[in-house]
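Heads up: the structure comes next, in structure tokens.
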Amino acid sequence: RQSPWLGRLSPWYQEGHYLARSTDGRPVVRPILPRDIASWPIESRLSLKVTASGDAAGTLRLEVPGTTGVDLARLLATARPDEQERQLQRWLASIMPSAQLQTLAIADRRTPLAPLVLTASVAIPGFMATDRNHLVAERFFSTPLIGEALGQPGLATYLRLPRRETPLLISPTYERSTVIVDFPANVARPIEAPRNFRRSASFGRIEQSFVWDDEAKRARLDRQRLMPLKRIPAREFAAFRDNAQAILQAGRNRLIVPLSAPTTTARVSTRD
């Protein structure tokens, strides 16, 4: 199956133009249309099982398309296996400080433009703290899993200056991430969980969805960040800053799960 971005232009060509020849032979400048631009979303999926003591282990699958995947594949191709593992360990530590890489598999790429697919098994000692018969994650994946570790700027990056006198260039950022955590059978539904939200603005769309399955004792967090190449004029920076701060505040995820189960079960999700 051909990837949807294959053969399309890099996101960096958004709102660009190209030189073509008209039917009468004259050169003409034409705009690059949105349908000609690839989105190149980084796809990541983390599946974990957590113990009653708060330790976790599981699998991380990462799919990196486009030039990012090509560049990363070249880097890994020239590295020794131990260097590959050290690089991925650094990425893991940037999103899960206590994570330990156990194994790493790199899928064969059938064509030069095929996405790079990495699969790693990980162990995360102290993934959740234990506090008075509760499992607590003070920062439960407040950003998509891996994009920032690969160099994609997060929203907070653009807020380092409180005011601007020059335009701000938003880098094209496309990432979808899923985190699934299976809990012990004796836990109850969370007393605090990440919020669901969907924010659309001139600079893109950011979404988060959290679902708790009380029968399976499973938490699922989906995050999506779709931001095309965008130039923010200095006069519009204040509105951008306010939107970005609201998104960052909504995404400050905290998960608290009691370690004593109720007598009834149901499948629930958080809603705004």
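What follows draws every value from the coordinates through simple rules; no lab data is involved. This one's a predicted model, so the numbers in the text were calculated from it and none came from an experiment. Heads up, the Cβs are rebuilt from the backbone with ideal geometry, glycines too, and the neighbour counts pull from every protein chain shown.
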Calculated FRET efficiency, ARG252 and ASP71, Cβ-Cβ r, R0 35 Å, to nearest 0.05? 0.65
Among HIS17, HIS134, rank each residue by its count of other Cβ atoms within 10 Å, from fewest to most, as a rough exposure measure. HIS17, HIS134
Per the 1/(1 + (r/R0)^6) rule, R0 = 45 Å and r from the Cβ atoms of GLU138 and ILE32, FRET efficiency to 0.05 is 0.55
With Cβ to Cβ distances under 15 Å as the rule, what net charge do the other residues near GLU236 carry (K, R +1; D, E -1)? +4
Relative to the Cα centre, what is the charge dipole magnitude of the chain, using +1 at the beta carbon of each Lys and Arg, -1 at the beta carbon of each Asp and Glu, and rounding to the nearest 20 debye? 700
Nearest-20 debye value, segment 133-177 charge dipole, Cβ charges on Lys, Arg, Asp, Glu: 120
Taking the number of other C-beta atoms within 10 Å as the exposure measure, put THR173, THR178 in order starting with the fewest. THR178, THR173
Using every Cα-Cα pair within the chain, state what percent have a distance larger than 23 Å. 60
Extension reserve of the SER98-ALA156 stretch, reckoned as 0.36 nm per residue once the Cα distance is removed: 18.6 nm
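What is the calculated FRET efficiency for ASP131 to ARG218, with r their C-beta to C-beta distance and R₀ = 35 Å, to the nearest 0.05? Display every interim value, and only then the final one.
On the way: r = 21 Å, r/R0 = 0.61.
Once the sixth-power term is evaluated, E becomes 0.95.
Shape of segment 73-199 from its Cα gyration tensor (a ≥ b ≥ c, root eigenvalues): rounded if a/c is under 1.5, otherwise prolate when a/b > b/c, or oblate?
oblate
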Positive-pole candidate from ILE247, VAL211, MET227, dipole of segment 192-255, charges at beta carbon: MET227
Go ahead and estimate [θ] at 222 nm for the chain from helices alone: -39,500 (n - 2.57) per DSSP H run with n ≥ 4, summed, over the residue count, rounded to 500. -5000 deg cm²/dmol
For the residues VAL28, VAL122, what sequence is obtained by ranking on other C-beta atoms within 10 Å, fewest first? VAL28, VAL122
Net charge, ARG205 excluded, C-beta distance under 10 Å - Lys, Arg +1, Asp, Glu -1: +2
Placing +1 on each Lys and Arg Cβ and -1 on each Asp and Glu Cβ in segment 48-116, then taking the dipole about the Cα centre, the residue among ALA114, THR68, VAL50 whose Cα reaches farthest towards the positive end is ALA114
